[in-house]
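Taking it in order: structure first as structure tokens, then the write-up.
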Amino acid sequence: MSSLQAIKYSRGKLEVLDQLRLPHSFHYDVVSNRSEAFDSIASMRVRGAPAIAIVASLGLAVELHHQGLAADSSSEAITQIDQALDYLKGSRPTAVDLSNAITQLKSRIRESSEGTKEDIISAFIDEAEKIFAQDLTTNVAIGDSGADWLRRNAGATAETPVSVLTHCNTGSLATSGHGTALGIIRSLHSRGLLKHAYCTETRPYNQGSRLTAFELVFEKIPSTLITDSMAAALFRLQKDKANVAAVVVGADRVVRNGDTANKIGTYQLAVLAKAHGIKFIVAAPTTSIDLVTPDGSGIAIEERKKEELTQVTGAIVKEDGTIEQGSKARVATADQRVDVWNPAFDVTPAEFIDTIVTEKGAVEKSADNTFDFSQIMAERW
Ligand code: MRU
């Protein structure tokens, strides 16, 4: 298990790694209430669909633990918690894990509606802690199922280990630990089934170069960083050199037919994978599945500020090539007046996806090019 931790929690105390400073420096913010949790998520100091849901849930849990609620009745307590959760839901719109966690928390506190307001607070804290703990178990199961799928469908064996490419960051930093798509890569590696992992830079926010490359190096997984625009050229090398067998990505929202919203650039990788006969795997916990939205056209895509494209933040590189510790520089990379389109996510149609790996196993595509989650989701809810 990786010792990289985006989220450190013990009852009454939540610390969140500021991912905007990675890989140059390690700094944990103390998050002690709903507005600090909201700010941490909206500013992307913490990001990744499961991590967002966990920080929102635990941020409110810590506030309730220390401050309680100024409610005169249990029904008022429920209303106040509902309001806090609805506020947190507005922090980032595309990832569905947060909405699903909110539904779970609202339902759990209603089970204690006959009790005192302290009972309601205690039920909330227990459930938020459960969401945190379950995510880790889920990720390990996804990792194992994904590695099994690649063994069955992409010929990954100890004698013929496979190379994979991943996009964005889906590792320990995006979750409670282990990761989803990166969890599959970890499982492949630990079983001796991984030849090489490629990760994309993931413009514009560079979650691939800043975070995934960092995790891969940290874990000593054989890996190479490429820019997003190099994927097609890399896939062309498959016959002789790179031999990429699969693209493995995470998900922010998988809707009822299997259309999947994930980091911008995912869709183009899926199209390229199909064109090169490379498997395309989505790793998604059931907390990332949205059975209410029928297909990808109903997914709201978050658009972010133009400065994410026209500026970069980094540390200062000294003459000798080393980094000046603690330094921070913001650099313009474009004319600051230029118009910018900056969608944070795109939607990959189900037809481009070979399997969606959940903690309950790999879901296979139906003959009509859609996915059917009814069985696994019936077990979940
Ligand atoms: O904007 P981000 O960094 O929150 O986007 C993250 C992704 O798109 C991940 O692939 C997704 O959330 C899955 S994380 C396990």
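Considering the stretch 173-207 alone, what residues qualify as being assigned to a loop (DSSP other than H, G, I, E, B), of a type in the set (Ser, Thr, Tyr) and farther than 20 Å from residue 149 by Cβ?
If the condition is that a residue be assigned to a loop (DSSP other than H, G, I, E, B), of a type in the set (Ser, Thr, Tyr) and farther than 20 Å from residue 149 by Cβ, then 176, 202, 205 are the ones that fit.
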Can you tell me which residue within the stretch 243-262, out of those that are of a type outside the set (A, V, I, L, M) and touching a helix residue (DSSP H, G or I) at 6+ places or on another chain (Cβ under 7 Å), is farthest from the ligand (Cβ to nearest atom)? 257
Counted residues in the stretch 328-381 being assigned to a helix (DSSP H, G or I) and over 27 Å from residue 134 (Cβ atoms) come to 2
Options 165, 173, 150, 182; residue that is buried (at least 24 other Cβ atoms within 10 Å of the Cβ), farther than 17 Å from residue 360 by Cβ and more than 20 Å from the chain's Cα centre (by Cα): 150
Flagged in the stretch 82-92 as under 16 Å from residue 50 (Cβ atoms) and in a loop (DSSP other than H, G, I, E, B), in numbering order, are 91, 92
Could you tell me whether the stretch 323-334 includes any residue that is touching a residue at least 40 places away in the same chain (Cβ under 8 Å) and within 16 Å of the ligand (Cβ to nearest atom)? no
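Only one residue in 338, 357 is surrounded by 13 or more Cβ atoms within 10 Å (Cβ to Cβ) and either at pLDDT 95 or above or polar (S, T, N, Q) (or both). Which one? Break it down into steps so the answer makes sense when it comes.
Working: 338 fails: surrounded by 13 or more Cβ atoms within 10 Å (Cβ to Cβ).
None of the other options fit; the residue is 357.
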Cβ-Cβ under 7 Å pairs, at least 6 apart or on other chains, the stretch 47-69 side charged (D, E, K, R), far side at pLDDT 95 or above and within 13 Å of the ligand (Cβ to nearest atom): 47/19; 47/174
Search result, residues across the stretch 179-196 that are of a type outside the set (D, E, K, R) and more than 10 Å from the ligand (Cβ to nearest atom): 184, 185, 187, 188, 189, 190, 192, 193, 194, 196
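The values are calculated or read from the model by the stated rules, or taken from the named source; none is laboratory data. Treat the numbers as computed from the prediction; the structure is a model and nothing was measured. Note that each Cβ is placed from the backbone with ideal geometry, even for glycine, and that neighbours are counted across all protein chains shown.
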